[in-house]
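For reference, the structure is listed below as structure tokens.
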Amino acid sequence: MVSADSSFSSFRAYFRALADSPRRIARRAGAVSTEFDEMGCARSPSEMARTLRWHHLLGLGLGGMVGAGVFVTTGKASAAYAGPSVVLSYAIAGFCALLSAFCYTEFAVDLPVAGGAFSYLRVTFGEFAAFFTGSNLIMEYVTSNAAVARSFTAYFGTAIGVPSSKWRITVHGLPDGFNEIDLAAVGVIVILTVIICYRTHESSVMNMVLTVLHLLFILFVIVVGFWRGEWKNFTRPADPSHSGGFFPYGIQGVFNGAAMVYLSYIGYDSVSTMAEEVKDPVKDIPIGVSGSVIVVTVLYCLMAASMSMLLPYDTINVEAPFSAAFDGKPGWSWVSNVIGAGASFGILTSLLVAMLGQSRYMCVIGRSSMVPSWFARINPTTSTPVNASAFLGVVTAVIALFTELGVLLNLVSIGTLFVFYMVANAVVYRRYVSIRTTSPWPTVSFLLSFSATSIAFTLLWKFAPSGRSKSFALGAFALLALGIVQVFYSAARQVRKPEFWGVPLMPWIPSVSIFLNVFLLGSLDGRSYMRFGVFSVLVAIVYMLYGVHASYDGDRRIPPNKGDDFGIVPKQDRNRSELV
């Protein structure tokens, strides 16, 4: 119901609002919320039920990460970048993921709400930064879920011996890339949407079952690989003219491989969006988030080792490394079908967790009034955001029906990596800056100078020709980055200490996370940045035409000294980011 004083009550009111846009943007774009705002918005007449414990979160984290990606990225990273040292690539990528998970955990324990990164950035950098990153995350979720759903058709076809072309209908009147109708992918999305609309606890139980089945397939691959493989393949290529040893592409190849396989870890951030439904956030969230990253890292390293033992790195099939590894072994061709079945379970679990996460993001953005509040409604019977889940499920299904998005490796999650980078910055900012009591500029200067140094290092790594001068320049920038962190560590004083759980070794761990995320962003291709730029412009337009005006109206409707029933602070305190 649109109120009479709303910016959208009539065309005249809307045009007046547009004319007032500069003032409203200046007032709202940088306006930060408080813990009271975020927690108060979560207390609605119909709340999400707190039914999840640490083992549910651990299962959701495993299910979100251990998808089909590992079955593809491992082959590409080994054959083209790292060789047998792809094992170390997975260890480095896992370490990077764990650092980002620490940053997420600090926020999730302190702010156990469904908003995830959107809420974390809203209480730190303000409304527009939160809307910008939240919108990019939702876009990444929807497009990647559509592509992964289409990949389910291919892997399930492999499991039962029916090629994916038999499952899809080609419409010759449509342009290439949009002319293969995949009804099976749509069916998977519809079924999962119904499941996540029902109850979160039941969804997590289903995820646990599918994840256990998938992990059994992974353990099967690991055991068979170590059983049938040979240790000599760790150091000897099939073609003697190719580089040998454990590091055929050198140390740089290990890090390039880490940048590629890191995509297999994306998904743990979805666990933070479940925080509002966790019984004991202080205990359960750190175990669920960090524990899932550690377990997945161990599994990935073992999978990479088993594949390296099965075949020399220069004979690995890039498209299907694990299943193809058994094709030439007499009596073992059936393993390809088993691997196809395992990947199918992995796709279902990663889809389920990602769809849970995307609906929570949309729900909390709806609470902020920057999108219609219809998305924020919680169904009183199921205690889930049914409207947001159903809407995003329909959008995902439509994209999956027509669009060939490029399965797995083309799902370069630039938006997700950008959000990881922003969350790491936000952790540092929130520890060292207190609105109206400390100047933000020392912390802002540190974050900007450290990011600039990280970008310079990354550009040199990627584009400078190999040689002594490149090594010297890289070493100089690495020392400069360490010096910047040390100066800030010595000179700055923390103004906030987390009450329950905080990132250790502040600011070193978030700084390393910032550096690694910048480095991984530098590994992405130009098309990813083009997509990111185009979508970012669209997000800014939506914010200027709708979001800022809806947010401005919502802020005006909260009268002074009201809102106590929902834990909302008085209006005059709404731009404070500290609890006082």
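Going by Cα centres, region 423-446 and region 202-233 are how many Å apart? Cα centroid to Cα centroid, the span is 43 Å. Stretching the chain fully between residue 472 and residue 452 yields a gain of 5.4 nm (0.36 nm per residue, less the alpha carbon separation). What is the spin-label model distance, in nm, from residue 542 to residue 318 if the labels are put 7 Å beyond Cα along the C-beta direction? So the label points at residue 542 and residue 318 sit 3.4 nm apart. Let me check against my output: what whole-number percent is the relative contact order of region 95-224, with C-alpha pairs under 8 Å and at least 6 apart? Answer for region 95-224 is 12 percent.
Hey, can you rank 382-388, 465-471 by average C-beta count inside 10 Å, highest first?
Per-residue mean Cβ counts within 10 Å order the peptides as 382-388, 465-471.
Give me the percent of the accessible area of the chain that comes from carbon and sulfur atoms, probe 1.4 Å, all protein chains in place. Whole-percent figure for carbon plus sulfur exposure: 67.
With the simple spin-label model, which puts each label point 7 Å out from Cα in the Cβ direction, the residue 374 to residue 26 separation comes to 3.5 nm.
Classification of region 374-500 by its C-alpha gyration tensor yields an oblate form. The axis ratio a/c (a ≥ b ≥ c) is 1.5 or more, and b/c is at least a/b. In the context of the full set of protein chains, region 270-309 has a per residue accessible area of 23 Å² (1.4 Å probe). Across the chain, Cα pairs under 8 Å and at least six residues apart give a relative contact order of 30 percent.
Is the shape of region 239-342 best called rounded, prolate or oblate, per the rule: a/c under 1.5 gives rounded, else a/b larger than b/c gives prolate, else oblate, with a ≥ b ≥ c the square roots of the Cα gyration tensor eigenvalues?
It comes out oblate by the Cα gyration axes.
Between region 505-551 and region 108-161, what's the alpha-carbon centroid distance in Å? A separation of 13 Å, based on Cα centres.
Computed from the C-beta positions of residue 439 and residue 530 and an R0 of 45 Å, the FRET efficiency is 0.75 to the nearest 0.05.
Length gain on complete extension for the stretch residue 505 to residue 279, per 0.36 nm per residue less the alpha carbon to alpha carbon distance?
Working: separation 226, 0.36 × 226 = 81.36 nm, distance 2.80 nm.
Working it through step by step, the gained length comes to 78.6 nm.
Starting from the Cα of residue 493, move 7 Å in the Cα-to-Cβ direction to define the label point; list residues of region 427-451 whose amide nitrogen is under 18 Å from there. What the label zone holds, given the 18 Å backbone N cut-off, is 429-444.
The values are calculated or read from the model by the stated rules, or taken from the named source; none is laboratory data. Predicted model only: the values in this text are computed from it and were never measured. Here Cβ is always computed from backbone atoms with ideal geometry, including for glycine, and neighbour counts include all displayed protein chains. Please note that ligands, DNA and RNA were not included when accessible areas were found on the heavy atoms of the full protein model with its side chains. Shrake-Rupley method; radii C 1.70, N 1.55, O 1.52, S 1.80 Å.
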